[in-house]
1. Separation between the Met391 and Arg79 pseudo-spin-labels, each 7 Å from Cα along Cα→Cβ, expressed in nm?
2. Gain in length, Lys363 to Thr351, computed as 0.36 nm per residue apart minus the alpha-carbon separation, to one decimal in nm?
3. Per 10 Å bin from zero, what fraction in whole % of the C-alpha pairs of segment 262-335 is there, up to the bin with the longest pair?
4. Under the rule that a partner needs its Cβ under 4.7 Å from the first Cβ, which Cys of the chain have none?
5. For the residue pair Ser148 and Glu375, what label-to-label distance in nm results when each label sits 7 Å from Cα along the Cα-to-beta-carbon direction?
6. Loop only by DSSP, 12 or fewer other Cβ within 10 Å of the Cβ. Give me the trypsin sites (Lys or Arg not before Pro) in segment 232-300 that pass, ordered by residue number.
7. Could you work out [θ]222 nm for the chain from helices alone, using -39500 (n - 2.57) per DSSP H run of at least four and dividing by all its residues? Round to the nearest 500 deg cm²/dmol.
8. Convex hull over the Cα atoms of the chain, averaged projected area in nm²?
Amino acid sequence: MFWLLLVATIGAVAALDNGVALLPYMGYNTWYDYGCNISEAGVLKVLGIIAQLRGYGYEYLNLDDCWALKERYSNGTVRVDPVAFPRGMKYLADKIHQAGFKFGIYTCRGNLTCAGRAGSLGYEAQDAQTYAEWGVDFVKEDSCYASSNQSVAFSQYARMRDALNQTGRPMVFNLCGWNPWYAPVGASLGNSWRIGDDGGNWDKVRENIDNMASLHWWTNPGAFNDPDYVLGSDPRTYGFLTPTQSRAQFSLWSVLAAPLILGMKLSNLSSWDLETITNREVIAINQDSLVTQGQRVAGGSLMGSSPSSFNVWSRVLQNRAVALCFFNNAPIAQNISCDSTCFAASGLAPTTVVAVRDVWLHKDIGFAQGFLVSEVPAFSASLFRLTIQYM
Ligand code: GLA
């Protein structure tokens with residue numbers, strides 16, 4: 001009786017049901033590109049460039065910290081920085097919508113944002129209403145100047161969730177609390193939740209990959225683990241990787257069903273970075289309609305005292321297919337294999353014959369049965385789509 005009751009109680013958690021982000025959302029965020037130097041002019045410049053990426057699935061143009069002032073109006077309404085955004089947020093939202101994009105904004109569950117601007121603590125309902133009036137489609141809520149206690153964090157996020165629901169306007173709700181412990185409750189609070197620190201460099205990217213390893217259970221349509229933004233290889237941005245590392249990150253983000261939010265400067269994008277973020281076959285893996293999150297099927301932690309020199313990650317896809325990502329965690333090129341144990345962990349029996357396609361090279365490379373090896377350059381990754389031929 002007791003157990004039945006307990007199960008019933010657990011099953012009755014409130015859920016966010018706003019009908020958005022059924023697949024990992026795609027777009028751009030200002031933080032690694034502009035930091036606090038954001039402005040209307042800068043955002044409109046980004047809009048002009050990202051509009052050309054709409055056909056690849058990129059859809060959200062999201063402002064991060066520093067669009068608001070620290071002090072609110074006397075009636076409590078949040079104040080837009082009038083110097084940076086002279087025509088206000090409604091104007092910007094309209095421009096973004098006219099270009100076929102959706103508009104995202106940033107706030108914090110503390111009384112200040114991480115950069116010291118007005119946070120939403122105690123103003124959740126008023127802020128949600130303001131966002132809805134502006135035409136906001138996406139809200140990221142950070143965790144600076146706020147309690148790190150789990151139940152306090154959950155109840156503060158629930159307040160913003162309810163406030164957003166109350167407006168009647170569907171807005172993607174992205175929790176930014178930097179911890180894997182958000183995952184089990186994430187879907188009841190928002191559409192995505194940051195599972196670790198800001199991933200602005202190679203070590204942080206790998207730390208976030210490690211954090212993702214045990215969280216695949218919590219990925220669902222409308223509910224995604226968020227390992228932070230996609231970095232390019234452009235040193236003009238606050239966070240960047242080498243060209244091969246950035247492509248490895250994009251490969252993994254696809255297998256992990258992670259939101260594909262670009263954190264790079266889009267003007268004068270290198271042809272390498274452009275090719276990375278517009279590879280339709282890799283994006284198709286990220287956007288696969290089965291909405292499963294990939295799992296580590298060979299190798300262990302990439303960071304820590306005895307890191308693995310490689311990983312293989314796999315993700316089950318629609319149409320009897322599996323994505324396999326071979327990740328080289330060593331500073332030298334090496335052959336990485338997925339053996340019969342690794343195939344079995346990917347749901348493939350040793351007798352199953354698969355056709356193998358290299359999605360970076362856009363090339364069918366043959367057939368495999370219970371074993372696949374790939375030569376992978378230093379700190380890089382290869383990515384294959386396997387399609388089952390017969391069992
Ligand atoms: C935190 C978040 C970042 C960014 C900054 C802005 O560090 O994790 O993603 O929003 O705050 O101040």
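1. Spacing of the two 7 Å Cα→Cβ label points: 6.7 nm.
2. Difference between extended and current length: 2.0 nm.
3. Histogram of Cα-Cα distances, whole percents per bin: 16, 32, 38, 13.
4. For the chain, the answer is Cys108, Cys176, Cys325, because their Cβ atoms have no other cysteine Cβ under 4.7 Å.
5. Using points 7 Å along Cα→Cβ, the separation is 4.6 nm.
6. Hits after loop and neighbour filter: Arg236.
7. -8500 deg cm²/dmol
8. Quarter of the Cα hull surface area: 20.7 nm².
Computed from the coordinates by the stated procedures, all read-outs in this text should not be read as laboratory data. Since we're looking at a predicted model, the values are computed, not measured. Please note: Cβ atoms are built from the backbone with ideal geometry, for glycine as well, and neighbour counts cover all protein chains shown.
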